[in-house]
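S.K.: My structure is below; once you've seen it, I'll send some questions.
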Amino acid sequence: MPNRRSFLKIAAGATGVLGATVAWRAWDQGVFSTGDGPAYGAWKTWDSKSAGSPRRLVHAAILAANPHNSQPWRFRVAPNRIDLFADHSRNIGAIDPYRREMYIGLGCAAENLVLAAAAEGFECQIALFPNPADVTHVARVELAPGCKIISPLYGAIPRRHTNRGAYDTTRALDAAVFDELQALGGDLRLVSVRWLASAESRRQLGELIVQASEAILSDPEQSRDSAAWFRATWQQIQEKADGLTVDAQALPAWMRVAAKVLPPVSQEQADRIWLDATRDVHVATAAAYGVLVARDPMDNANRVQGGRLYQRMHLWAETKGIAMHPLNQLPERADREQSLRIEPRFGNALKEIVSDSGWRALMPFRLGYPTRVALASPRRDVEQVIVG
């Protein structure tokens, strides 16, 4: 039997090994390198290259909001024109069977591009789906020399991040906030937004969002396709430069470190964590909900305009210290119901939320004052998304 001195030596050695293991994993998982590396370079160089060139507009476009950070875009750049294309290979599968979210994200990119064009001294004309035979050809932006117009929305592009953390439940949003956000879409005739700010309307929508989340997790294909875009390791983040990350969840610092250092969780555990966050953080702390609505949510032009409006609203919100976060579970389940030809439980719920025969729900989102700063998500480099 080892004596006390031998035991203490063994214990000290084991503690040292454990400490070294934890330290190595912390380094390997990028605990000390949040927001660093090539996968985050696009946020830091977005306005430092190609001044006065159309390519500079693409640097701004790729920082737009998009589904699961799938970045479903490609660009063709000419001296007086930029063409935006959908990359259908980056569809998020059963989560987005009709590519509704994909084209909303492409609309977000188009809005950033237009804002950057004005800031670079271009007048631009944007035409949606200029080639009816090619559904992937989303927009053509014609450029001509003009005056530089640097709007506050343009300045907010590198600071805008989806905030998935808790919002301040003691601070309500003034009615003027909703009026100003609504007014941003005056030129986008195919889309609008509805607000749900009362306690009862928030409770009802929140319960539906949680129920839709549960339905997604009960659907093996949707659960699998959603999980495929989570980047669990620092190496994955740097290699793929896309997808969802621990850093982008706006967790408390200690929880973010623990999530990186501890061994990876199973898919079932990850699903439960997401459901708990949806119920206990996203829904529980929303100061209000908005619902993007469209004349025809199955039409891609409607979806692109919806994305342009959402991007404008999110950029404006950033300038006012307000956080925003899409909550797509309801339309994701409604689209899934339609694709499987099953009872439209959530599809009917969406119709009731809007309660206007002239408009249909496109995308719900929450907003409020954040309690933590949202961190950047990875982005592919411009050279990876420009095609010849």
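S.K.: Go through 47, 87, 83 for me and flag whichever is within 27 Å of residue 235 (Cβ to Cβ), touching a Lys or Arg at 6+ places or on another chain (Cβ under 9 Å) and among the acidic types (Asp, Glu).
M.R.: 87
S.K.: Could you list, in sequence order, the residues of the stretch 184-205 that are touching a residue at least 12 places away in the same chain (Cβ under 8 Å), open to solvent by 50 Å² or more (accessible area, probe 1.4 Å), hydrophobic (A, V, I, L, M, F, W, C) and outside any strand (DSSP E or B)?
M.R.: Within the stretch 184-205, just 190 meets the criteria.
S.K.: Here's something else I'd like to know. Of all residues in the stretch 274-287 being closer than 30 Å to residue 107 by Cα and more than 18 Å from the chain's Cα centre (by Cα), which is surrounded by the most Cβ atoms within 10 Å (Cβ to Cβ)?
M.R.: 287
S.K.: Working carefully through the options 117, 12, 26, find the one that is modelled with pLDDT of 95 or more and not aromatic (Phe, Trp, Tyr).
M.R.: After ruling out the rest, the residue left standing is 117.
S.K.: What do you reckon, is residue 262 out of contact with any His (no Cβ under 8 Å at 6 or more places or on another chain), under 22 Å from residue 363 (Cα atoms) and not small (Gly, Ala, Ser)?
M.R.: no
S.K.: Next question, about the same structure. Can you say whether residue 92 is within 22 Å of residue 375 (Cβ to Cβ) and either of a type outside the set (Asp, Glu) or crowded, with 22+ Cβ neighbours inside 10 Å (or both), as far as the supplied structure shows?
M.R.: yes
S.K.: A further question follows. Cβ-Cβ below 7 Å, separation at least six or inter-chain, first residue in the stretch 100-111 and closer than 7 Å to residue 307 by Cα, second of a type in the set (Ser, Thr, Tyr): which pairs?
M.R.: Sorted first by the residue in the stretch 100-111, then by its partner, the pairs are 104/310; 108/310.
S.K.: Which numbered condition in (1) buried (at least 20 other Cβ atoms within 10 Å of the Cβ); (2) under 20 Å from the mean Cα position of the chain (by Cα) is the only one that residue 208 fails?
M.R.: Answer for residue 208: the failing condition is (2).
S.K.: Restricting attention to the stretch 308-339, which residues are in a loop (DSSP other than H, G, I, E, B) and over 12 Å from the mean Cα position of the chain (by Cα)?
M.R.: 320, 321, 322
S.K.: Would the stretch 54-67 turn up any residue that is at pLDDT 95 or above and polar (S, T, N, Q)?
M.R.: Yes, the conditions are met somewhere in the stretch 54-67.
S.K.: Can you confirm whether residue 215 is open to solvent by less than 70 Å² (accessible area, probe 1.4 Å), closer than 18 Å to residue 290 by Cβ and modelled with pLDDT of 95 or more?
M.R.: no
The values are calculated or read from the model by the stated rules, or taken from the named source; none is laboratory data. Note that this is a predicted model, so its numbers are computed, not measured. With ideal geometry, Cβ positions are generated from the backbone for all residues, glycine too; neighbour counts draw on all protein chains shown. Heads up: the accessible areas ignore ligands, DNA and RNA and are worked out on the full protein's heavy atoms, side chains in. Shrake-Rupley method; radii C 1.70, N 1.55, O 1.52, S 1.80 Å.
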